[in-house]
Amino acid sequence: MKLNIGRKVIRALIFFILITGAMTMVVPFLWMLSTSLKESNLVYQIPPQWIPRPVDWGNYVELFTKSNILSGIKNSVIVSACVLLFGTFSTSLSAFAFAKLDVPYKNVLFFCVLSSMMIPFVVLLVPQYIIFTRIKWINTLLPLIIPSSLGNVSMMFFLRQYIGGLPTELLEAAKIDGCGYFRIYYKIFLPLCKPALISNIIMVFMGTWNDYLGPMIFVNDSQKYTLQVVIKMLNSYHETQTDVPLIMAASLIAILPILILFISAQKYFVDSMAITGLKG
Amino acid sequence: MPAMVQFVCFFLLPLCLCIFASMTDWNVLVKNKNFIGLGNFVELFGDSKFWIAARNTIYMLLPIPFYMVFGLLFALACHKEIKGNKVFRILYYLPYVSSIVALVLLWKWLFNSEFGLVNQALGLLGIEGPNWLGDPVWTKRMIVIMIAWKMIGITSIYFLAALKNVPSTYYEAATIDGAGAFMRFFKITMPMITPITFYLFCINIIGSLQTFIEVDLFTTDGGRNYGVATVIYYIWQKAFNYSQMGYACAAAVVFGLMILLVTLLQFKLSNKWVYEGD
Amino acid sequence: MRKMRKGITALVLVVVMGISMLAGCGSNEEDNTGSTEISNDQTPNQETQSGDTAEEQVTLNFMGWGNDSEVATFQAMIDAYEEKYPNVSVEYTVVPDGDFDTKMQNMIAAGEQPDAFYCGIDNVMKYAATGNLYDLSSYVENNDLFDVDNVWENAINIYRYNGSSLGDGPLYALPKDVSAFSVVYNKDLFDAAGITPPTEENPWDWNDYLEAAQKLTDGDVYGTAMYSMESAVWSNGANWLDDSLANVAFTDPKFVEAFQFVADLRCKYHVAPSSSEETSLSSYDRFMQGKLGMMGVGSWAQADLWNNCDFEWDLMDWPVSPGTGEKAVWFGSAGLAVSPESEHLQEACDLIAFLAFNEEAQRTSYTTGMSVPTLKDMAYGEYTEMDKAPANKKAFLNVLEDYGRLATQSRTFNQEWWSEFNSGVEAVYNGEMTAQEYCDSMVESVQALLNKSVEQQEALK
């Protein structure tokens, strides 16, 4: 009985801390939401007005009628979908190889690949631009899709760590059963990696979705701009003030797809409980 | 392997160009460049601004332990199936997904020294809030707080994935052996999640050392006395504002090597504490 | 230990691969230099040739920045241009202004620059000296789209570069717009404080300005925003650099005096918002809320002032220095330029001339409050007669016609020394240092960066 009460207190305490944390995360976003419905001269009013009077839907209307936001969303979806589909496959395959196969110089190779994260992107921009020009990829979505589809270093590293933690006996057992490496990867390791993959898919999606510099530099045609470039265009009023409500409205729209993906991925976190039971 | 194709075409090739360029006086606007040997490197080591930027960059490592610990705690709480944990997860994830432009506008408003919520709250406690946006020391602290705040959610997602990967049979066995909750945590959970912890350390250190966009958006010219500028910001300015691409490449090579060393060291040390599977 | 050796092998491997690849890249570089040797005096021959084959369908790439209304205006002008020259079609790219230069540099590095593009005044020297701007001199003399004498002389001349300094020599860009910087004041606050604004014949000097600011400052209302350093320094007969633009000159007592005057408004007389107040609510916003008496304002802000001020406002000329009786301030401009690599130079030149001086477009831009006309007859005619605030539009025009100057940092090859000088000025504004101490402390580091700028420029000759 006593134990139970102690546990309840602890639970309540944890709950309280979580709520406080959640508040600090949420309040700013409520501000974003309320700001996106305000007229711009009311944004910095003191004390802040949480429920805007009047509620002004004009920012959203303006967004959809005046800017390229629809084509921006379309392009971002194309790029992100391609990267997710091909990138996840190729990355998880390489991660599997790095973690479980006997490739010569595997660790050295891995470190080389990892080192590509360390050189500041700033100085690689111009060389990359020159390469993309030579192969005529400028002003297409290809520079945004192909390189990331061939593999994402951070994700590869993560999966390598993760797969490394899975029992090697599985691999050996499957080999004895006469499975090829690809089959082992596909039938055994891929399903086992599901929770890790899901969290990484969200990461990669977000990275691609929120990427700004690449699309801005490599694409010229405003019809091919991705969502982030469209948002940044809204912010680029020369010398005059920024239209804060408009940007908040656009940012909220930009967050939505990631949130939807995240919410729909939630159930996989729970699902994976069953899978882990299989080992041991 | 496709990853290798990507590596060679889109990274190695540019990198070589960059290493070559670091020994020239390359200006992007001019077609030909002159070989000047190690001149750029000599100049770099003598440039006080570079060292100021380097110090500021190291400062950006501060939030890592903070959000790693809180991320883990949060993941543990969610793992325990606390009521409403799904909702919490979404809420904690919010900061990470929103576009940085919007976040910065938001923080400028929150940390406004006269009217911002933060200083008003501090005022209620009888503390006079600092000039967050004007004083470089406080701007740096603000950026650190912002990064920590933003990263807790995503870090916990990684930990959560790792926690799910710990076979429940281990716990059952331990419970039968009479191990308490703390015992179970330190003897089973901790070792089992070390690979992910190691990963997070490596990636986050590399990421933090490359902090750039916050500096660009919060300050003009790196803040008063260059007090907020990071190395990447420094390189960016040199490359595109002051047309010294060759010099920027040299700085990038030096900085890249530094990160490489740090990461190598981490890999070396990793044998000591990272659980490598059976 | 074995791992270590592996690491070294890998490094060696990377380096070897790198070197072999460089061989390839290196030869490409050479190809480029051969084919793209640029001479500034490309013969007009080529132009007439492309003019002759006018029937041929031509596509021009044009890149700029701007907010929605500017983009809309330009799109309309481009449509008009395409109507006038049916054989030309224009592909118009808009890039956020903060990233424009980065993108442009990438394009130039890859040899893919647009035929015509915006060129901010700070970049004119950098781009011209590196051969990335087409010399428009002969085009301007022989064109039938506009009369060069009807354009503000100041605004045209800043786009001339003779290889060592701006101001004369071949013309490299046409002014897309001009922005004059003048002093705006809140008429209602002036009336309440019983202040009579100065007239053109009888301008204020610094002391009059300070006195007015002191009268205006009351409670949460401030008299003035931070005063323009340029105006103070130049009107006092000083400058950041000497005439050769190769040596710092800010230890000149006249400079220090002007600097101290600017700082004292804030830290001694408290008639301007403090720096922390400034970061929480900019002087511009304070003014718009009716809580600030006077501030420097650019002609680009007219639209905002029209739409969002619920008080009367007007302009005055910048105060003169009590020492010299002179007034001075800067003016800005963004240019339109043509790439010498363009295959359709004539059409590209026509395009930028059309965009820069099209009367209809100029009219749109001043009626929407974006800028002051670049054409003099229009500025003195319909703009001055326009029935909208400010009443004293001449204050803007005086800057352009008479006492406006190009900012010092725009006249050097790069602006790093300028950032360095400004990196710590807050200390003076806050009263932590005197202007004298600050200037003395900055000489060495600013001079070093200036030397580097000069060195870069010399290397390109």
What FRET efficiency would be calculated for the residue pair residue B:173, residue A:179, taking the C-beta separation as r and a Förster radius of 45 Å, to the nearest 0.05? 0.95
May I ask you to derive the FRET efficiency for residue C:451 and residue C:150 from their Cβ-Cβ distance with R0 = 45 Å, giving the value to the nearest 0.05? 0.65
Helix C:2-35: angle to the longest alpha-carbon principal axis of chain C, degrees 0 to 90, nearest 10? 90
Note the count of lysine pairs whose C-alpha atoms are less than 22 angstrom apart in region A:57-276, limited to pairs 8 or more residues apart or on different chains. 15
By average Cβ neighbour count within 10 Å, what is the ranking of B:40-52, C:181-193 from highest down? C:181-193, B:40-52
Contact order normalised by residue count of chain B, Cα under 8 Å, 6+ apart, percent: 31
Binned at 10 Å from 0, what are the whole-percent values of the Cα-Cα distance distribution for the protein assembly as shown, short to long? 2, 10, 18, 23, 21, 14, 8, 4, 1, 0, 0
Would you mind giving the mean number of other chain beta-carbons within 10 Å of the Cβ of each residue in A:24-30, as a whole number? 6
Can you compute the FRET efficiency between residue C:306 and residue A:194 using 1/(1 + (r/R0)^6), with r the Cβ-Cβ distance and R0 = 51 Å? Round to the nearest 0.05. 0.30
Kyte-Doolittle mean at least 1.0 and Cα axial length at least 24 Å: DSSP H helices in chain A: A:2-36, A:244-276
Whole Å is fine, so just give me how far the alpha carbon centre of region A:192-222 lies from that of region A:118-140. 18
Placing +1 at every Lys and Arg Cβ and -1 at every Asp and Glu Cβ, with all other atoms neutral, what dipole size does region B:63-209 have around its Cα centre, in debye to the nearest 20? 280
Check residue C:205: other-chain or 5+ apart residues with amide H under 5 Å from its amide H, H built from backbone geometry? C:320
So, in region B:63-209, how many Lys pairs have Cα atoms under 19 Å apart, if the pair is 8 or more places apart or on different chains? 9
Taking the alpha-carbon centroid of each part, what is the distance from region B:107-157 to region C:341-415 in angstrom? 42
Hey, if you put +1 on the Cβ of every Lys and Arg and -1 on every Asp and Glu Cβ in chain B, which of B:30, B:74, B:207 ends up farthest toward the positive end of that dipole? B:74
For region B:63-209, Rg(Cα) over 2.2 N^0.38 Å is 1.29
Given the convex hull of the Cα atoms of chain C, what is a quarter of its surface area in nm²? 27.7
Expected integer from the mean partner chain Cβ neighbour count at 10 Å over A:14-21 is 5
Can you give the charge dipole size of the protein assembly as shown about its Cα centre, rounded to the nearest 20 debye, using +1 on the beta carbon of Lys and Arg and -1 on the beta carbon of Asp and Glu? 8160
Answer in debye to the nearest 20: the dipole magnitude of chain A about its Cα centre, from +1 Lys/Arg and -1 Asp/Glu charges placed on Cβ, is 780
Counting as exposed only chymotrypsin sites (Phe, Trp or Tyr not before Pro) in DSSP loop states with no more than 15 other Cβ atoms inside 10 Å, the longest exposed-site-free span of chain A is A:106-280
Would you mind telling me the antiparallel percentage of the DSSP bridges in chain C, rounded to 5? 65
Which far-off residues, 5 or more places away or on another chain, put their amide H under 5 Å from the one on residue C:335, with H placed in the peptide plane? C:119, C:120, C:121, C:176
Antiparallel bridge percentage (DSSP; both residues within the protein assembly as shown; nearest 5): 65
Output the 0 to 90 degree angle, nearest 10, between the alpha-carbon long axis of helix C:97-109 and the longest principal axis computed from the alpha carbons of chain C. 20
Can you tell me the relative contact order of region B:63-209? Whole percent, Cα pairs under 8 Å, sequence separation 6 or more. 32
To the nearest 10 degrees, how steeply does helix C:345-357 sit against the main Cα axis of chain C, on a 0 to 90 scale? 10
For region C:140-202 and region B:199-233, write down the distance between their C-alpha centroids in whole Å. 39
For region B:122-222, projected area of the alpha-carbon convex hull averaged over all directions, nm²: 9.7
Identify, among A:68, A:110, A:6, the residue whose Cα sits farthest towards the positive end of the charge dipole of region A:1-124, taking +1 on the Cβ of Lys and Arg and -1 on the Cβ of Asp and Glu, with the dipole about the Cα centre. A:6
Looking at region C:217-315, which trypsin sites (Lys or Arg not before Pro) are DSSP coil and have at most 14 other C-beta atoms within 10 Å of their C-beta? C:268
Ranked highest first by the average count of other Cβ atoms within 10 Å around their residues, in what order do C:317-324, B:186-193 fall? C:317-324, B:186-193
Taking beta carbons within 10 Å but only from partner chains, what does the mean come to for residues A:156-166? 6
Could you tell me the relative contact order of region C:185-254? Use alpha-carbon pairs under 8 Å, at least six residues apart, and round to a whole percent. 17
Kindly provide the chymotrypsin sites (Phe, Trp or Tyr not before Pro) of region C:297-351 that DSSP labels as loop, not H, G, I, E or B, and whose Cβ sees at most 16 other Cβ atoms within 10 Å. C:311
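FYI, it's all coordinate maths here, none of it is from the lab. Computed from a prediction, not measured in an experiment: that's the story for all the values here. Using ideal geometry, Cβ is built from the backbone for each residue, glycine included, and neighbour counts are taken over all protein chains shown.
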